[in-house]
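For reference, the structure discussed in these notes is given below.
The values are calculated or read from the model by the stated rules, or taken from the named source; none is laboratory data. The shown structure was predicted, so the numbers you read here are calculated from the model rather than taken from an experiment. Cβ sites come from the backbone with ideal geometry, for glycine too, and all protein chains shown count toward neighbours. The area values use the complete protein model at the heavy-atom level, side chains included, leaving out ligands, DNA and RNA. Shrake-Rupley method; radii C 1.70, N 1.55, O 1.52, S 1.80 Å.
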Amino acid sequence: MTEKTIGIIGGGQLGRMLAMAAARLNFRIIILEPQAGCPAAQVASEQIIAAYDDAAALAELARRCDVVTYEFENVPVLAVEKLAEDIAIYPPPKALEMAQDRLTEKRFINGCGIPTARFHSVDSQADLEAALADFGGQGVLKTRRLGYDGKGQRVYRSSADSPEGSYAALGSVPLILESFVSFEREISIIAARGIDGTIACYDPAENVHRNGILHTSTLPASISDQTATAAHAAAEKILTALGYVGVIGIEFFALANGDLIANEMAPRVHNSGHWTEAACVISQFEQHIRAVAGLPLGNPQRHSDCVMTNLVGDDILALPQWLRLDDALVHLYGKSEARPGRKMGHVTQLVR
Ligand code: AMP
């Protein structure tokens with residue numbers, strides 16, 4: 001079998017785990033990332049050190065790879081569309097475009113027949129006040145672009161929470177106000193679509209966040225079979241509508257009555273799918289590599305219950321304790337400095 005080369009735009013831990021899975025299947029990996037010695041480059045065949053939208057670097061990637069993918073959703077869409085003229089790039093640029101702007105994303109998800117929180121586009125302080133009044137003084141204000149891990153957000157729980165100055169405080173950029181969803185739990189689904197249109201969905205994970213950052217993902221989620229089936233059906237609709245190839249992560253709010261409200265989607269492997277490397281034969285990382293390389297998708301079935309815990313910042317100091325646990329798979333990201341809020345690694349403990 002000839003050795004093929006996969007290009008990955010972005011050099012963080014997701015790229016690292018993709019590169020490791022790809023190596024097992026004999027793929028060479030070239031990482032495009034401006035930061036030298038990044039987590040992904042430490043385990044990849046090569047790194048091109050350049051900005052994500054550097055035209056010469058992208059041309060080199062196209063020349064030297066058989067297919068290109070990416071590991072974060074804020075890759076400049078124009079750069080990716082240009083690259084797609086020369087080489088296969090998966091997931092399709094349309095998925096990036098839909099996921100980069102919360103307004104476009106919600107409209108797209110609703111267009112697939114999947115409910116989201118109600119929302120208003122907010123482009124001024126006056127818009128914000130009118131939108132908040134429409135939602136009875138409750139809502140979550142978010143930047144439309146470039147928000148992650150709860151950053152660029154403001155929550156209004158009652159009319160006592162004044163929106164005064166919020167538009168300017170969030171940078172006077174395009175915003176979206178979402179109605180406040182009183183959810184019972186948060187779940188996510190990791191799903192893949194192959195080049196031949198085959199779809200494989202992993203079981204939904206139940207997610208708990210701490211300081212806006214994913215803390216744990218637990219399998220199985222405490223939801224009914226019907227809710228799990230609805231999550232799978234929603235993922236299938238989204239993947240099909242996008243003509244998607246690769247792994248996607250979709251987050252939902254689960255209501256007390258079992259209904260699901262979609263929150264957001266990430267056109268890439270996802271933190272809430274890290275458990276798959278310990279509790280499934282084929283991890284989300286290998287699944288993504290298989291999909292973008294045109295190989296058959298693997299079986300997404302889970303063989304064990306498990307809990308994945310993120311090691312964020314100083315959590316890494318507890319590493320010796322984690323290493324002493326039975327049935328725990330520790331995965332570190334090669335980051336030398338543990339800053340607050342920085343994801344340093346994760347542990348998946350099987351529950352038997
Ligand atoms: P996000 O950046 O959209 O993933 O939001 C971060 C977290 O804020 C979510 O995981 C929820 O816990 C909470 N959140 C976001 N949007 C809403 C909403 N419309 N209603 C209630 N909670 C929300």
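Some notes on this structure:
- Spatial separation of Cα centroids for segment 73-113 and segment 127-187, in angstrom: 24
- Within the listed set G194, G212, G15, the residue fluctuating most in the Gaussian network model of the chain (springs between alpha-carbon atoms under 10 angstrom) is G212.
- Beyond 27 Å in Cα-Cα separation lie the following of the pairs K82/K142; K94/K142; K4/K82; K94/K151: K82/K142.
- Taking the helices alone, the chain has a mean residue ellipticity at 222 nm of -8000 deg cm²/dmol, built from -39,500 (n - 2.57) per DSSP H run of at least 4 residues and averaged over all its residues.
- For the chain, built as a Gaussian network whose Cα springs stay under 10 Å, the top-fluctuating residue of H274, H209, H232: H209
- Once the 1.4 Å probe is applied to the protein heavy atoms, segment 185-351 comes out at 39 Å² accessible per residue.
- Within a Gaussian network of the chain (alpha carbon springs, distance under 10 Å), most fluctuating of E186, E129, E264: E129
- Cβ-based net charge around E60, under 12 Å, with every Lys or Arg adding one and every Asp or Glu removing one: -1
- Within the accessible area of segment 172-326 (1.4 Å probe), percent carbon and sulfur: 50
- Counted charge near N207, where neighbours are those whose Cβ lies closer than 10 Å (Asp, Glu -1; Lys, Arg +1): -2
- Chain lengthening between L78 and S172 when straightened (0.36 nm per residue, less Cα-Cα): 31.5 nm
- In percent, rounded to a whole number, the relative contact order of the chain is 14, using alpha-carbon pairs under 8 Å and six or more apart.
- Mean-position separation - Cα centroids, segment 235-303 and segment 314-352, in angstrom: 23
- In terms of the mean number of neighbouring beta-carbon atoms within 10 Å, the peptides 319-325, 96-102 order highest first as 96-102, 319-325.
- Highest mean packing first, where packing is the average number of other Cβ atoms within 10 Å per residue, the peptides 341-350, 84-93 line up as 341-350, 84-93.
- The alpha-carbon atoms of the chain define a convex hull whose volume equals 142 cubic angstrom per residue.
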